[in-house]
Amino acid sequence: MKKILTLVTFLFLCSSYSQKLTKDISLSKKIDETSGLEILDGKFITHNDSGGDPKLYYLDKKGKIVFERTLEGVKNNDWEDITKDDQFIYVANMGNNFDARKNLSIVKIPIDPSGTSQV
């Protein structure tokens, strides 16, 4: 009886804390290995992982690319994540699967696309 009660409790807890999928949105084939996601002014911002173009992709809520922002003077060695504050977007260029990279960095980009990127 104790085993059954434990199993029922476990199943109840798993189902009550699991995430419910509300929508699955397909992305453009240009985004072949997204590795970070941020939201800004109602648009999702993402980027490709290692070796992709140094671009940020701005998506509407249906997953359609509405703006591609190329970052000049920056290389996408292995972009892993993205975040923002009130003035800047930050991209973590720090993927290091084999512990061989020495050029880990955080790319700091003005939120306003007319600004310039900084490393």
Within the range 32-44, can you find the residues that are surrounded by 11 or more Cβ atoms within 10 Å (Cβ to Cβ), touching a Gly at 6+ places or on another chain (Cβ under 9 Å) and farther than 14 Å from A92 by Cα?
E33, F44
D112 of a type outside the set (V, I, T) and without any contact (Cβ under 8 Å) to a residue 12 or more places away in the chain:
yes
From E72, E80, grab the single residue that is over 12 Å from E38 (Cβ atoms), under 12 Å from the mean Cα position of the chain (by Cα) and charged (D, E, K, R).
E80
Restricting the first residue to the range 29-47 and requiring it to be more than 15 Å from D81 (Cβ to Cβ), which pairs with a second residue that is at pLDDT 95 or above and surrounded by fewer than 13 Cβ atoms within 10 Å (Cβ to Cβ) meet a Cβ separation below 7 Å and a spacing of at least six or different chains?
K43/V66
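Among the residues of the range 37-57, are any modelled with pLDDT under 90, of a type outside the set (V, I, T) and farther than 24 Å from N96 by Cβ?
No, the conditions are met nowhere in the range 37-57.
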Under 8 Å between Cβ atoms, at least 6 apart or on separate chains: pull out the pairs that start in the range 57-70 with a residue that is exposed (fewer than 13 other Cβ atoms within 10 Å of the Cβ) and end on any residue that is hydrophobic (A, V, I, L, M, F, W, C) and modelled with pLDDT of 95 or more.
K61/F44; V66/L59; E68/L56
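The values are calculated or read from the model by the stated rules, or taken from the named source; none is laboratory data. This one's a predicted model, so the numbers in the text were calculated from it and none came from an experiment. Using ideal geometry, Cβ is built from the backbone for each residue, glycine included, and neighbour counts are taken over all protein chains shown.
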